[in-house]
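Colleague: Structure incoming, see below.
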Amino acid sequence: MRKTITTALAAVLLTALTACGSGGGAADDGKITMGFAQVGAESGWRTANTKSIQESAKSAGIDLKFSDAQQKQENQIKAIRSYIQQKVDVIAFSPVVETGWDNVLLEAKRAKIPVILTDRAVDSDDETLYKTFLGSDFIEEGKKAGKWLLDNHSGPTNVVELEGTTGAAPAIDRKKGFGDTIKSSPEIKVVASQTGDFTRSGGKQVMEAFLKSQPDIDVVFAQNDDMGLGALEAIKAAGKKPGVDIKVITIDAVHDGMQALSNGEINYIVECNPLLGPQLMDLAKKVVAGEDVPHRVVTKETTFTQEQAKTALPDRKY
Ligand code: GZL
């Protein structure tokens, strides 16, 4: 009798453990559960990125738990901790800033839940804290913006820069790529640089201040379309013609940016591809299955002039 009870108890315990899972490995029905901690909804780029992730999860048959951190790191960390407690099969997120992730990523590692970085990087020295980082090369994007200015400026050129979220990888790296590239021309000077937090309102407010404080602005380098579009409003309100009196260079190539480029109000856009969903889901399946994946996957992207925008606009997906 005692033997029967012990055997039954062992069976119950084993089932309970299997059902809860020990983190990692798809659920019994083979369905993968992904916890995704998104930055927020600050820009047209982010909206397109979220749509790509949600639609791709559906087509990949992946059960997606999704959270919007309203651009606050503490909210992303809370969301990741909740995914760990829920014992999801894989966690993915776009770190709003580069620093402050080691502790929560260590908790995920101890829970044996693999992590995938998308879009933005973390500055951790411990590369075992995440399986792979899928996203753009932001330094390259900054270089492309700087190269266009080198090739298309004439004489002394005063630049004002609208920076992205302070501490965010795209803000740090785009600034570096742009600055390092224009260094080769002593005629080009960044006379003012300030964060607009990747938002349209932020770009407008900072540009209004620049137009008051800077007597002679030749170029605006906005680290994303949304801040650039906000700057266009400020430039027009100051009675100047964007794209002509003040040249505008931006990064992203979302629909509204491409429309302004096509209309001649923006001069050049460096694309930053937000459609990371399909690659993310492929990587997640491989990671959950325990397969090796590259530690870095760089997304493909291009650049657009005003003429190229006119041709590309009708077929753009975002
Ligand atoms: C870049 C992404 C940036 C976009 C902005 O990959 O992190 O954040 O350039 C967005 O539009 O807010």
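The values are calculated or read from the model by the stated rules, or taken from the named source; none is laboratory data. Nothing here was measured: the structure is a model prediction, and the numbers come from that model. With ideal geometry, Cβ positions are generated from the backbone for all residues, glycine too; neighbour counts draw on all protein chains shown. The accessibility values were calculated without ligands, DNA or RNA, using every heavy atom of the protein model including side chains. Shrake-Rupley method; radii C 1.70, N 1.55, O 1.52, S 1.80 Å.
Colleague: Which angle between 0 and 90 degrees, to the nearest 10, do you get for helix 225-237 versus the longest principal axis of the chain when only C-alpha atoms count?
Modeller: 30
Colleague: Rounded to the nearest 10 degrees, what's the angle between the helix 277-288 long axis and the longest principal axis of the chain, both from Cα atoms, 0 to 90?
Modeller: Once rounded, one gets 30 degrees.
Colleague: State the percentage of accessible surface on the stretch 138-272 attributable to carbon and sulfur atoms; use a 1.4 Å probe and exclude ligands, DNA and RNA.
Modeller: Of all accessible area on the stretch 138-272, carbon and sulfur atoms account for 51 percent.
Colleague: Which of Asp225, Asp245, Asp137 moves most in a GNM of the chain, Cα contacts under 10 Å?
Modeller: It is Asp245.
Colleague: Accessible area per residue, 1.4 Å probe, Å², for the stretch 190-252: what's the number?
Modeller: Per residue, the stretch 190-252 has 39 Å² of solvent-accessible surface.
Colleague: Which shape class applies to the stretch 138-272: rounded if a/c is under 1.5, otherwise prolate when a/b exceeds b/c and oblate if not, where a ≥ b ≥ c are the square roots of the Cα gyration tensor eigenvalues?
Modeller: Values: a/c = 1.25, a/b = 1.07, b/c = 1.16.
Rounded shape, in that the Cα axes give a/c under 1.5.
Colleague: Might you report the magnitude of the Cβ-based charge dipole of the stretch 138-272 about its Cα centre, with Lys and Arg at +1 and Asp and Glu at -1, to the nearest 20 debye?
Modeller: Using Cβ point charges on Lys, Arg, Asp and Glu, the stretch 138-272 gives about 260 debye.
Colleague: Can you give the Rg and Dmax of the stretch 54-107 based on its C-alpha atoms, in angstrom?
Modeller: Calculated on Cα positions, Rg and Dmax stand at 11.8, 33 Å.
Colleague: Taking the Cα centre of the chain as origin, sum charge times position over the Cβ atoms of Lys and Arg (+1) and Asp and Glu (-1), and report the length of that vector in debye to the nearest 20.
Modeller: Roughly 880 debye for the chain.
Colleague: Still on this structure: List the pairs from Lys175/Lys286; Lys72/Lys310; Lys31/Lys65; Lys112/Lys300; Lys87/Lys286; Lys51/Lys247 whose alpha-carbon separation is above 25 Å, in the order I gave them.
Modeller: Too far apart for the 25 Å limit: Lys175/Lys286; Lys72/Lys310; Lys112/Lys300; Lys51/Lys247.
Colleague: Which of the aspartates and glutamates could a cross-linker bridge to Lys131, judged by Cα under 19 Å and excluding same-chain residues fewer than eight apart?
Modeller: Asp89, Glu98, Asp102, Glu107, Asp119, Asp123, Asp282, Glu291, Asp292
Colleague: Evaluate the distance, in nm, between pseudo-label points positioned 7 Å from the Cα of Gln214 and of Ala312 along their respective Cα→Cβ axes.
Modeller: 2.4
Colleague: I would also like to ask the following. Using alpha carbons only, how many degrees (0 to 90, rounded to 10) separate the axis of helix 169-182 from the longest principal axis of the chain?
Modeller: 30
Colleague: Let me ask you something else. Contact order normalised by length for the stretch 138-272, with contacts defined as Cα pairs under 8 Å and 6 or more residues apart; what percent is it?
Modeller: On the way: 294 pairs, mean separation 33.4, N = 135.
With pairs under 8 Å counted, the relative contact order is 25 percent.
Colleague: Picking from Gly264, Val244, Thr50, whose Cα lies most toward the positive end of the charge dipole for the chain (charges on Cβ: Lys, Arg +1; Asp, Glu -1)?
Modeller: Thr50
Colleague: Need the full-extension length gain, Lys72 to Ala238, defined as separation in residues times 0.36 nm minus the C-alpha distance. One decimal, nm.
Modeller: In short, 56.4 nm is gained.
Colleague: Shifting gears a bit: Of all beta bridges DSSP finds with both residues in the chain, what is the antiparallel percent, to the nearest 5?
Modeller: The antiparallel proportion sits near 5 percent.
Colleague: Something else: Under 19 Å Cα to Cα from Lys183, which aspartates and glutamates show up? Leave out anything in the same chain fewer than 8 places away.
Modeller: Glu140, Glu141, Asp151, Glu161, Glu163, Asp173, Asp218
Colleague: May I pose another question? Could you point to the residue in Gly179, Ala111, Tyr130 farthest towards the positive end of the chain's charge dipole, with +1 and -1 charges on the Cβ of Lys/Arg and Asp/Glu respectively?
Modeller: Ala111
Colleague: Additional query: Mean projection of the alpha-carbon convex hull of the chain over all orientations, in nm²?
Modeller: Dividing the Cα hull surface by four gives the mean projection, 18.1 nm².
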